[in-house]
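The values are calculated or read from the model by the stated rules, or taken from the named source; none is laboratory data. What you see is a predicted model; the values in this text were computed from it and never measured. Using ideal geometry, Cβ is built from the backbone for each residue, glycine included, and neighbour counts are taken over all protein chains shown.
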Amino acid sequence: MEKLIEVKDLRIEFASGKKIVKAVNGVSFSLEKGKTIGLVGETGAGKTTTALGIMNLVPAPAGRIRGGEVLFKGEDLLTKTQQEMRQTRGNRISMIFQDPMTSLNPVFTVGDQIAEGLHLHTKLSALEATVKAQDMMERVGIPAARYNEYPHQFSGGMKQRVIIAIALACSPELLIADEPTTALDVTIQAQVLDMMRNIRNKLNTSMIMITHDLGVVKEICDQVAVMYAGQIIESGSLKQIYKNPQHPYTEGLFKSLPKINENTERLIPIKGIMPDPTNLPEGCSFASRCPIADKSCVNIRQLSKEIEKGHFIRCMKRS
Amino acid sequence: MKKSFKGNSKLVKSSQSKEIAYRLWQNKAAMAGLLILLVYVFLAIFADHLAPYGFDDQDLSRRFIRPSAKYLFGTDNLGRDIFSRIIYGTRISLRVGLISVAISSSIGTLLGAIAGFYGKAVDNIIMRCVDVMLAIPSILLAISIAAALGPGLSNVMIAISIGSIPSFARIVRASVLTVKEQEFVEAARSIGASDLRIIVRHILPNCLATIIVQATLGVAGAILSTSGLSFIGLGISPPTPEWGSMLSAGRQYIRDHGYIVFFPGLAIMITIFALNLFGDGLRDALDPRLKT
């Protein structure tokens with residue numbers, strides 16, 4: 001199948017005083033049309049920065065894209081001008097932000113905010129845009145009668161639906177969802193995920209799902225990429241990763257989850273903390289926390305290797 | 001606004017402004033303020049018909065008459081009817097106050113928004129210029145500008161508006177700085193909005209509250225500065241009636257004939273009060289979160 005988006009060796013850095021924070025260090029993945037990839041990892045692993053890199057929205061001047069390519073249908077988004085990118089953002093690639101409480105403008109009605117993207121990217125008249133926006137509201141499960149209400153009149157879950165409606169208003173080909181359910185409680189999470197899945201299937205939108213919740217990934221993703229310290233350390237199909245995690249970090253992640261059918265006294269955490277991104281080790285960045293690492297791991301750069309078809313890991317011990 | 005919702009797809013664009021007008025209408029204090037302002041506007045337009053005497057009808061035989069049925073607010077040192085002069089003064093004072101604030105607030109807002117939004121060098125260049133202007137006492141600045149341009153109503157307005165641009169720029173910049181960090185700005189960017197659109201549609205409406213408050217206060221300041229300039233002969237030249245200059249001209253008689261300064265002062269105070277009431281109401285009406 002045709003690849004919708006292909007990220008090749010993306011590198012993003014932030015300047016912080018004299019130090020350089022290496023947030024994303026050579027991330028590569030690709031996604032086919034209509035599929036969903038989950039980017040998983042702990043806080044600070046570079047998930048959101050990767051997403052901003054794809055949108056070419058890395059906050060300048062502190063942040064800079066150091067290298068790599070983001071091929072969207074074969075065109076490199078990183079070489080486009082900001083003006084060209086504006087045509088793409090919201091129209092062909094949309095993003096959903098983490099916090100529904102602050103992602104909506106408090107002084108405009110939600111309906112107008114949904115219609116704004118339509119005004120920017122389509123030639124619909126004001127009335128048509130209004131009708132389309134109301135249609136989007138119904139699709140995400142908000143009565144169209146609430147078009148004229150303001151964000152503060154909505155609950156968190158409803159706000160997140162509004163944000164999803166904004167993102168999907170122009171029927172983008174790619175939707176980047178940055179922890180869309182993190183700020184919601186569990187029952188609402190399930191509803192929102194359900195709704196996202198339905199809409200994705202209907203519109204045949206591809207999705208990059210950023211999350212640290214392995215349960216969410218299992219719900220909605222076809223592929224998984226586990227990120228650690230700005231690299232994808234393991235990637236593969238949902239089944240490959242969940243049934244057969246190979247990288248010690250991925251294993252650790254699964255071990256740290258409570259299991260419903262086992263009587264566990266204590267959860268097993270991954271010891272230690274992520275390495276300082278201003279001073280990443282030469283070799284494997286996970287080595288200091290890895291149960292199977294030895295001296296060679298610290299010094300040798302880990303390359304991504306395919307251990308079965310479509311299943312890549314960056315670990316010389318296991319490949 | 002569930003009540004005003006019509007339930008069909010034709011609702012709408014206009015309903016947002018209708019709603020704001022409705023909320024303003026509900027606000028008694030704001031309406032009172034608006035009413036007072038309208039009365040002033042009415043006075044200004046029909047001054048020729050409403051004023052019992054001309055604004056420069058001097059008659060030394062009737063100097064210093066206390067307020068009475070014949071001379072409602074009394075007469076001044078030259079025997080002019082204060083009531084008539086205040087009515088004529090509405091024309092000048094309102095015009096100076098409103099126009100100079102309109103000029104300074106729009107330029108100040110523009111500069112502040114650009115400085116706050118783009119930051120870095122742009123911010124530095126704009127704000128350092130503003131700082132230089134702030135370092136000069138505003139009355140001194142107005143005096144030098146007015147002196148350079150020569151006396152006259154429009155020159156006074158220009159002088160005063162230039163003098164109050166810095167405070168607008170600073171206030172707007174400060175509030176743009178807080179608003180631009182919010183996630184909805186990034187969200188707007190992610191749907192492809194341009195910088196201009198983000199500033200105008202997303203950031204400035206969120207700064208309106210501070211701008212409105214500053215503007216209503218600015219009108220008062222502008223009227224007073226006009227009087228200051230008039231006092232030293234750079235503003236409105238006598239005998240043109242202007243509240244501020246009436247105040248300063250009457251200063252020397254304040255002990256024996258307090259009403260000479262009392263009524264012009266009262267006129268200024270009521271204007272500011274009305275503007276503040278209206279400005280507050282407008283701010284509340286524009287802020288959907290304060291909706292009840």
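For the reader, a short list of remarks on this structure follows.
- Summed over region B:199-214, the residues that are more than 10 Å from chain A (Cβ to nearest Cβ) and farther than 30 Å from residue B:273 by Cα give a count of 1.
- Top-ranked residue of region A:147-160 - restricted to ones that are out of contact with any helix residue (DSSP H, G or I) (no Cβ under 7 Å at 6 or more places or on another chain) and not small (Gly, Ala, Ser), ranked as nearest to the other protein chains (Cβ to nearest Cβ): A:153
- Residue A:253 farther than 29 Å from residue A:141 by Cβ and in a helix (DSSP H, G or I): yes
- So residue A:306, is it loosely packed, with under 13 Cβ neighbours inside 10 Å and outside any strand (DSSP E or B): no
- Hits in region A:169-191 (condition: surrounded by fewer than 23 Cβ atoms within 10 Å (Cβ to Cβ) and under 21 Å from residue A:90 (Cβ atoms)): A:170, A:171, A:173, A:174, A:178, A:179
- One residue from B:51, B:29, B:69, B:21 being modelled with pLDDT of 85 or more and away from chain A (no Cβ under 14 Å): B:29
- Test result for residue A:219, closer than 20 Å to residue A:272 by Cα, charged (D, E, K, R) and either surrounded by 24 or more Cβ atoms within 10 Å (Cβ to Cβ) or out of contact with any Cys (no Cβ under 9 Å at 6 or more places or on another chain) (or both): no
- Any hit, region A:260-273, residues being out of contact with any Asp or Glu (no Cβ under 7 Å at 6 or more places or on another chain), assigned by TED's automatic domain parsing to the domain that holds residue A:224 and in contact (Cβ under 8 Å) with a residue 40 or more places away in the chain: no
- Considering A:235, A:256, the condition of being modelled with pLDDT of 90 or more, of a type in the set (Ser, Thr, Tyr) and more than 24 Å from residue A:199 (Cα to Cα) is satisfied by A:235 alone.
- Within region A:41-67, the only residue that satisfies the criterion of being surrounded by fewer than 22 Cβ atoms within 10 Å (Cβ to Cβ), in contact with a helix residue (DSSP H, G or I) (Cβ under 7 Å, 6 or more places away or on another chain) and on the phi > 0 side of the Ramachandran plot is A:56.
- Enumeration of residues in region B:211-261 that are hydroxyl-bearing (Ser, Thr, Tyr) and either surrounded by 16 or more Cβ atoms within 10 Å (Cβ to Cβ) or touching a strand residue (DSSP E or B) at 6+ places or on another chain (Cβ under 8 Å) (or both): B:216, B:225, B:226, B:227, B:230, B:240, B:245, B:248, B:253, B:259
- Residue that is nearest to the other protein chains (Cβ to nearest Cβ) [pool: residues in region A:61-89 that are within 18 Å of residue A:176 (Cβ to Cβ) and of a type in the set (A, V, I, L, M, F, W, C)]: A:85
- Qualifying residues in region A:68-77 (those that are touching a helix residue (DSSP H, G or I) at 6+ places or on another chain (Cβ under 8 Å) and farther than 17 Å from residue A:172 by Cα) - the one surrounded by the most Cβ atoms within 10 Å (Cβ to Cβ): A:68
- Within region A:113-136, tally of residues that are of a type outside the set (A, V, I, L, M), over 24 Å from the mean Cα position of the chain (by Cα) and closer than 27 Å to residue A:189 by Cβ: 2
- Some residue of region B:156-174 being surrounded by 19 or more Cβ atoms within 10 Å (Cβ to Cβ) and among the charged types (D, E, K, R): yes
- Residue selected from region A:133-146 under the condition charged (D, E, K, R) and at the interface with chain B (Cβ under 10 Å from one of its Cβ atoms), by the criterion farthest from residue A:170 (Cα to Cα): A:146
- If the condition is being part of a loop (DSSP other than H, G, I, E, B) and basic (Lys, Arg), then region B:237-281 contributes only B:255.
- Residue that is surrounded by the fewest Cβ atoms within 10 Å (Cβ to Cβ), among those in region A:101-132 that are in contact (Cβ under 8 Å) with a residue 40 or more places away in the chain and more than 9 Å from every other protein chain (Cβ to nearest Cβ): A:122
- Cβ separations smaller than 9 Å between residues 6+ apart or across chains give the following pairs from region B:141-167 residues that are under 20 Å from residue B:98 (Cβ atoms) to residues that are in a helix (DSSP H, G or I) and among the basic types (Lys, Arg): B:153/B:95; B:157/B:95.
- Within region B:227-248, being touching a residue at least 40 places away in the same chain (Cβ under 8 Å) and within 17 Å of residue B:87 (Cα to Cα) holds for B:236, B:239, B:240, B:241, B:242, B:243, B:244, B:246.
- Taken over region A:162-173, the criterion of being within 16 Å of residue B:184 (Cβ to Cβ) and more than 16 Å from the chain's Cα centre (by Cα) is satisfied by A:162, A:165, A:166, A:169.
- When we screen B:223, B:191 for residues that are within 18 Å of the chain's Cα centre (by Cα), farther than 17 Å from residue B:123 by Cβ and either more than 9 Å from every other protein chain (Cβ to nearest Cβ) or without any contact (Cβ under 8 Å) to a residue 60 or more places away in the chain (or both), the only hit is B:223.
- Condition check for residue B:220: of a type in the set (A, V, I, L, M), out of contact with any Asp or Glu (no Cβ under 8 Å at 6 or more places or on another chain) and modelled with pLDDT under 85: yes
- Sole exception among (1) buried (at least 22 other Cβ atoms within 10 Å of the Cβ); (2) part of a loop (DSSP other than H, G, I, E, B); (3) basic (Lys, Arg) for residue A:159, by number: (2)
- Number of residues in region A:255-311 that are among the aromatic types (Phe, Trp, Tyr) and in contact with a Pro (Cβ under 6 Å, 6 or more places away or on another chain): the value is 0.
- Count of region A:183-215 residues, restricted to those that are assigned to a helix (DSSP H, G or I) and over 20 Å from residue A:257 (Cα atoms), is 14.
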